[in-house]
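Trainee: Just passing along the structure, written as structure tokens.
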Amino acid sequence: MSTTQIENIIYELAKKGYQLEPKAFTELSELLMLRKDLDFKKVFSEIIEEKKVKDPENIFISYKDFQYLFPKKEELKEEKIVYEDIEADIKVIRDPGNQTKILEGIDGFRKYFLDRYNKMIKIISSRPSQKTILKINQAQEERKNIRIAGLVKDKRIVKENAIIEIEDDTGYLKIISKLDGQNRNAIEILPDQMIIVDISSIKEGIAYASRLEFPEIPDQITYSRAPEVYTLLLSDLHIGSKTFQKEVFEHLLHWLQGLHGEREIIKKIKYVIIAGDLVDGVGVYPHQEAELEILDIKEQYMQVAQYIEQFPKHIEIIIIPGNHDATRQALPQPSIPRKYCEELYKLENVRMFGNPLEIQLHGINFLIYHGRSLDDVLAFSPGIETARPESTMRTLLRARHLAPIFGARTTIAPAEEDSLVIENVPDIFHAGHVHVFGITKYRNTLIVNSGTFQEQTAHQKSIGINPTPGKAAILNHSTMEVFEKDFNQFSINQ
């Protein structure tokens, strides 16, 4: 289906005083896919002329008026795809956006960071080590060959040394670490993240590090007992923007309907996960209205629902919000409120969650996060390229936190609990936001940034971001293999 074609047809009909019935609209979408040879402007002109003669009072065009144009079943070169009957197996592990209790003011942030510290200590204390982690006030008494851990308050690189100040609930300590050997980690340290430090000595209130470590995810072995079922990973549709790639997204819809081949995979796709930014939003940045095709937020979500309604009905659609969606901007984000997207909530195969989200699909652990903090990691990590979002996501796994940097672009809500700590090690870490496709594996965790369906915007061009639109990732649950799918070059196989 071409949305532009349908819009043009409806516009031409309206100019002549005629309307399409709802069923006719749906059938016309299918006809446009099946009959590329037709001049639809001419076809509908002939239909109108005939109606003027036979039924001049009737301004509605029904499916019966153009039913004769459909090819007979025996003329179709491909049979309709038969999807496998796979039972859904979805277990929600954690949806903090809809569960976290948000507090007010300084007391909220104090509790938030204390919870971050305690959770991180629990994570690193579970790792095998011969040394006990001391508090900072204890370290100042012991002074030699000790291990401490704390949140980074400040970091500076001076020649071949990193000067780091860390804190815990007992005080502060300044640390000097040479940038050699394993201590090269110091370059990658982010503000407010947890680090573990082996101290060789403390002199005049300054500690000298012999080794720096991150909380890290363990190097796990992933076993899958899942059937051969597939998940399609998407993000950043930005529907409502003038730069939304309508035609390319329609290629994806055609592919799911079996019109591009690969039916053996398609018939086993059971899940689609959309990691935020379904719409471009309204008022997200200055002068955005000049770049919008749809100026009303509810109409943007109505367009989203019209697209998602065309997904095969057996597929479970899992949706979290992003920073362009109509919900709280501070992390963790609750699910998009029903009042903005009633049509999405009405679709029986759509499930709306908050950001981030931890779920299991057939026993496979997914950590789904829109990725707003990737901007901050890039700003504080000079060695990471914007063209490699998977490297930025790996940094978050190493820090065991989805948004370690406080006070930068990413807004964090004060709460009793820091629900952005990565307590459970994911099998799949899926994000978006940066509009660049990327796949890698780190310590057996698959990292996927699913790119976008939006062309380069003026803002992206001004800051040197080159998006890779029209790509998506597909996961085979039984083999834990993930591969890239490019929807830019398709033509329909009839």
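The values are calculated or read from the model by the stated rules, or taken from the named source; none is laboratory data. Worth saying up front: this structure is predicted, and the values here are computed from it rather than measured. As a convention, Cβ positions derive from the backbone with ideal geometry for all residues, glycine included, and neighbour counts pool all protein chains shown.
Trainee: Take the residues in the stretch 349-367 that are more than 15 Å from the chain's Cα centre (by Cα) and among the polar types (S, T, N, Q), then tell me which one is nearest to Ile319 (Cα to Cα).
Mentor: Asn349
Trainee: Check whether at least one residue in the stretch 387-407 is among the polar types (S, T, N, Q) and surrounded by fewer than 16 Cβ atoms within 10 Å (Cβ to Cβ), and report yes or no.
Mentor: no
Trainee: Go through the stretch 247-273 and report how many residues are under 20 Å from Ser235 (Cβ atoms), outside any helix (DSSP H, G or I) and among the acidic types (Asp, Glu).
Mentor: Adding up the residues that qualify gives 0.
Trainee: Just to be sure I understand the filter: pairs with C-beta atoms under 7 Å, separated by 6 or more residues or on different chains, first member in the stretch 207-221 and within 23 Å of Ile176 (Cβ to Cβ) and in a strand (DSSP E or B), second member hydroxyl-bearing (Ser, Thr, Tyr) and modelled with pLDDT of 90 or more. Which pairs pass?
Mentor: These pairs meet every condition: Tyr208/Ser200; Tyr208/Ser201; Ala209/Ser177; Ser210/Ser200; Leu212/Ser177.
Trainee: Please give the number of the condition Ala379 fails out of (1) modelled with pLDDT under 95; (2) assigned to a loop (DSSP other than H, G, I, E, B); (3) not polar (S, T, N, Q).
Mentor: Going through (1) modelled with pLDDT under 95; (2) assigned to a loop (DSSP other than H, G, I, E, B); (3) not polar (S, T, N, Q) one by one, Ala379 breaks only (2).
Trainee: Moving on to the next point. Condition test on Glu417, is it assigned to a loop (DSSP other than H, G, I, E, B), touching a residue at least 24 places away in the same chain (Cβ under 8 Å), over 18 Å from Glu216 (Cβ atoms) and of a type in the set (Asp, Glu)?
Mentor: When the stated conditions are applied, Glu417 passes them.
Trainee: Do we have Pro312 as in contact with a Gly (Cβ under 8 Å, 6 or more places away or on another chain) and in contact (Cβ under 8 Å) with a residue 24 or more places away in the chain here? Before you say what the answer is, go through the steps one by one.
Mentor: Numbers: in contact with a Gly (Cβ under 8 Å, 6 or more places away or on another chain): no; in contact (Cβ under 8 Å) with a residue 24 or more places away in the chain: yes.
No; evaluated as a whole, the condition is false for this residue.
Trainee: Within the stretch 242-272, which residues are under 30 Å from His287 (Cα atoms) and in contact with a strand residue (DSSP E or B) (Cβ under 6 Å, 6 or more places away or on another chain)? Break it down into steps so the answer makes sense when it comes.
Mentor: So in the stretch 242-272, the residues under 30 Å from His287 (Cα atoms) come out as 242-250.
The answer is Thr243, Phe244.
Trainee: What pairs can you find where one residue is in the stretch 254-265 and on the phi > 0 side of the Ramachandran plot, the other is crowded, with 16+ Cβ neighbours inside 10 Å, and their Cβ atoms are less than 6 Å apart, with a gap of 6+ or different chains?
Mentor: So the pair list comes out as Gly258/Ile266.
Trainee: Let me ask something additional. Please specify each residue of the stretch 44-60 satisfying the condition of being over 15 Å from Leu32 (Cβ atoms) and of a type outside the set (D, E, K, R).
Mentor: Hits for the stretch 44-60 are Ser45, Ile47, Ile48, Val53, Pro56, Asn58, Ile59, Phe60.
Trainee: Separate question: Answer with yes or no whether Ile148 is outside the structural domain of Pro356 (by TED's automatic domain parsing), over 30 Å from Lys268 (Cα atoms) and surrounded by 12 or more Cβ atoms within 10 Å (Cβ to Cβ).
Mentor: On the way: outside the structural domain of Pro356 (by TED's automatic domain parsing): yes; over 30 Å from Lys268 (Cα atoms): yes; surrounded by 12 or more Cβ atoms within 10 Å (Cβ to Cβ): yes.
Yes.
Trainee: Let me ask something additional. Being touching an Asp or Glu at 6+ places or on another chain (Cβ under 9 Å), among the polar types (S, T, N, Q), surrounded by 12 or more Cβ atoms within 10 Å (Cβ to Cβ) and assigned by TED's automatic domain parsing to the domain that holds Met194 narrows it down to one of Asn137, Asn118, so name that one.
Mentor: Result: Asn137 is the single residue among Asn137, Asn118 that is touching an Asp or Glu at 6+ places or on another chain (Cβ under 9 Å), among the polar types (S, T, N, Q), surrounded by 12 or more Cβ atoms within 10 Å (Cβ to Cβ) and assigned by TED's automatic domain parsing to the domain that holds Met194.
Trainee: Here is a further query. Identify, from the list Thr445, Thr440, the residue that is buried (at least 22 other Cβ atoms within 10 Å of the Cβ), of a type in the set (Ser, Thr, Tyr), under 21 Å from Glu385 (Cβ atoms) and assigned by TED's automatic domain parsing to the domain that holds Ile239.
Mentor: On the way: Thr440 fails: buried (at least 22 other Cβ atoms within 10 Å of the Cβ).
Going through Thr445, Thr440 in turn, the sole match is Thr445.
Trainee: Would you point out the residue of the stretch 163-206, among those that are assigned to a helix (DSSP H, G or I) and of a type outside the set (A, V, I, L, M), that is surrounded by the fewest Cβ atoms within 10 Å (Cβ to Cβ)?
Mentor: So, considering only residues that are assigned to a helix (DSSP H, G or I) and of a type outside the set (A, V, I, L, M), the one surrounded by the fewest Cβ atoms within 10 Å (Cβ to Cβ) is Gly181.
Trainee: Hey, another quick one. Being touching a strand residue (DSSP E or B) at 6+ places or on another chain (Cβ under 7 Å), free of Cβ contacts under 8 Å to residues at least 12 places away in the same chain and not in a loop (DSSP other than H, G, I, E, B): is that true of Tyr301 here?
Mentor: So Tyr301 fails the test.
Trainee: If you take the residues of the stretch 274-297 that are in a strand (DSSP E or B) and in contact with a helix residue (DSSP H, G or I) (Cβ under 9 Å, 6 or more places away or on another chain), which of them is nearest to Leu234 (Cα to Cα)?
Mentor: Among them, the one singled out is Ile274.
Trainee: Can you find a residue that is touching a His at 6+ places or on another chain (Cβ under 7 Å) and modelled with pLDDT under 95 anywhere in the stretch 344-357?
Mentor: no
Trainee: Limited to the stretch 453-466, what total is found for residues that are in contact with a helix residue (DSSP H, G or I) (Cβ under 7 Å, 6 or more places away or on another chain) and at pLDDT 95 or above?
Mentor: So the count comes out to 1.
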